[in-house]
Structure formats: C-alpha cells, structure tokens
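One structure is given here, and the rest of the page talks about it.
The values are calculated or read from the model by the stated rules, or taken from the named source; none is laboratory data. The model shown is predicted, which means the values in this text are computed figures rather than measured ones. Positions of Cβ are backbone-derived with ideal geometry, glycine not excepted, and every protein chain shown enters the neighbour counts. In case anyone asks, the SASA skips ligands and DNA or RNA and just uses the protein heavy atoms, side chains included. Shrake-Rupley method; radii C 1.70, N 1.55, O 1.52, S 1.80 Å.
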Amino acid sequence: MKAHEFHARVRERGNYADAQEAQRVTTAVLGLLGQRLAGGESKDLAAQLPSELQAPLLEADASAESIGVQEFCSRVARELGSSEQTALWDASAVLTTVAEAVTGGQLNQVLTQLQPGYAQLFGKPDLA
C-alpha cells in the first residue's frame with residue numbers, strides 16, 4: 001500500500017474534510033502507538049508501512065508503557081485537541097488501515113504487546 005492510498009483509506013474511514021486532516025490524525029495515532037511497543041516492534045511495524053508513514057513510529061519515545069484503550073484514546077484526544085469519542089473514531093480509522101497494510105503475523109506481534117481491547121481498534125475481534 002502506498003502512502004497516498006493509506007491516507008485515502010484513513011480519510012474515508014474517518015470522514016475527514018481533507019487529506020491533511022487524515023495525515024495529521026495518522027501521525028498522532030502512529031506516534032502514540034509507537035510509544036506502546038517494545039523490543040524493536042515499532043521498527044518492525046514501520047518496515048511494513050510506506051516510508052512516508054514510518055517516522056512517527058521510529059521517532060516515538062519507546063517507553064512501552066502499558067495503557068488501556070481508554071487512556072490511549074485520552075492521549076490521542078489531547079494530541080489532536082478533540083473529544084475522547086472523536087479520538088476513538090480517529091484511532092480506529094488509522095489502526096484499521098494499519099491492519100490492512102501489514103501482514104497478519106506483524107499485526108499479531110503488535111497486539112500481543114497491547115492490553116486487551118486494542119484488537120477492536122484494529123478492526124479485529126478481541127481474543128482476550
């Protein structure tokens with residue numbers, strides 16, 4: 001998947017006004033996701049995404065802090081200056097697109113590092 005295709009899918013899923021808004025949301029969500037991942041998983045995930053989308057994952061402060069979906073969405077909301085409900089929508093628009101862009105094995109590696117509930121943000125049933 002090319003970067004413009006990724007952003008087009010995020011824009012469609014998120015019902016954003018323009019490509020710039022989809023890019024802004026994508027950057028914020030990927031950066032916060034990168035902070036949740038440890039052991040080089042951010043780098044592995046970034047390697048499967050278009051090069052234009054890799055920086056937020058690679059530059060994230062990889063603290064691998066384990067937080068739940070609600071706190072993740074709270075942080076997305078603060079980052080974007082939106083409500084938590086909107087942030088849930090934003091996170092889902094980006095992460096569902098990530099799930100389409102990477103292999104199933106890579107997605108499973110990411111999900112194993114996240115608390116239960118994140119799978120739904122990626123458009124997958126929660127196994128926990």
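In this structure, does LEU88 turn out to be surrounded by 15 or more Cβ atoms within 10 Å (Cβ to Cβ), over 23 Å from GLU52 (Cα atoms) and touching a helix residue (DSSP H, G or I) at 6+ places or on another chain (Cβ under 7 Å)?
Working: surrounded by 15 or more Cβ atoms within 10 Å (Cβ to Cβ): yes; over 23 Å from GLU52 (Cα atoms): yes; touching a helix residue (DSSP H, G or I) at 6+ places or on another chain (Cβ under 7 Å): yes.
Judged against the criteria, LEU88 is a match.
Restricting to the stretch 66-81, give me the number of residues that are among the acidic types (Asp, Glu) and over 19 Å from LEU111 (Cα atoms). Steps first, please.
First, pick out the residues of the stretch 66-81 that are among the acidic types (Asp, Glu): 71, 79.
Still in the running and over 19 Å from LEU111 (Cα atoms): 79.
Within the stretch 66-81, residues that are among the acidic types (Asp, Glu) and over 19 Å from LEU111 (Cα atoms) number 1.
A quick yes/no check of all residues on (1) modelled with pLDDT under 95; (2) under 14 Å from the mean Cα position of the chain (by Cα):
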residue: THR27; (1), (2): no, yes
residue: LEU37; (1), (2): yes, yes
residue: ASP61; (1), (2): yes, no
residue: GLU65; (1), (2): yes, no
residue: CYS73; (1), (2): no, yes
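Pick from the stretch 91-128 the residues that are in a loop (DSSP other than H, G, I, E, B), at pLDDT 90 or above and hydrophobic (A, V, I, L, M, F, W, C): which of them is nearest to ASN15 (Cα to Cα)? By that ranking, first place goes to PHE122.
Looking only at the stretch 20-40, count every residue that is touching a helix residue (DSSP H, G or I) at 6+ places or on another chain (Cβ under 6 Å) and over 20 Å from THR86 (Cβ atoms) and tell me the total. Residues in the stretch 20-40 being touching a helix residue (DSSP H, G or I) at 6+ places or on another chain (Cβ under 6 Å) and over 20 Å from THR86 (Cβ atoms): 1 in total.
Which of the residues that make up the stretch 13-43 are open to solvent by 70 Å² or more (accessible area, probe 1.4 Å) and of a type outside the set (A, V, I, L, M)? Reasoning before the result, please.
Of all residues in the stretch 13-43, those open to solvent by 70 Å² or more (accessible area, probe 1.4 Å) come to 13, 15, 17, 20, 23-24, 27, 39, 43.
ARG13, ASN15, GLN20, GLN23, ARG24, THR27, GLY39, LYS43, listed by residue number.
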